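Asks: I'd like to ask you about the structure that follows.
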Amino acid sequence: LNITTVIIPLNKILLNMTVKDENDPVNQMLDKLRPHVAKLTFGSLVGYCSGAAAKKIGRALAVICGLGFIAIQSASYSGYVDVDWQKVQDDAVAKIDTDGDGELTVSDAKIYWKKVKKILTTNMPSAGGFSLGFFYGLSSN
């Protein structure tokens, strides 16, 4: 038994198969979902994948930042280092505050989202559903 003796009969079976059974539950489901499936675009699919990836990366970064904070705070508590957390906060906010008001607000998040969306959808043929797919990917398990 070799691979060609398996593939040739399988190809004959697949070529001879036609979908004639209207009572097939999968066909019925696909017919019902046709309007929704038609709305799925390449942009929404890659948006979902990007959102799911961003969620995983975000969780990993949160763990790394949390462990770093625990290590630094433990060293500070033990007297090995002195940390000016107010200066750390002020410097961090100054670096990521895009509108210059000295606070992290919704407008900052909107500016960052606009930049990320531009990077991820440049030269993409159908980017219409990207945002919806991205946020669905972020919210999925």
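Asks: Between residue 132 and residue 74, take the C-beta separation as r, use R0 = 30 Å, and let me know the FRET efficiency to the nearest 0.05.
Replies: 0.10
Asks: Further question on the same structure: Determine the gain in length on full extension of the stretch residue 123-residue 31; use 0.36 nm per residue of separation and subtract their C-alpha separation, reporting nm with one decimal.
Replies: Once the chain is fully extended between residue 123 and residue 31, it gains 29.9 nm.
Read-outs throughout are calculated quantities, based only on the coordinates presented, and are distinct from any laboratory measurement. The model shown is predicted, which means the values in this text are computed figures rather than measured ones. Cβ: placed from backbone, ideal geometry, glycine included. Neighbour counts: every protein chain shown.
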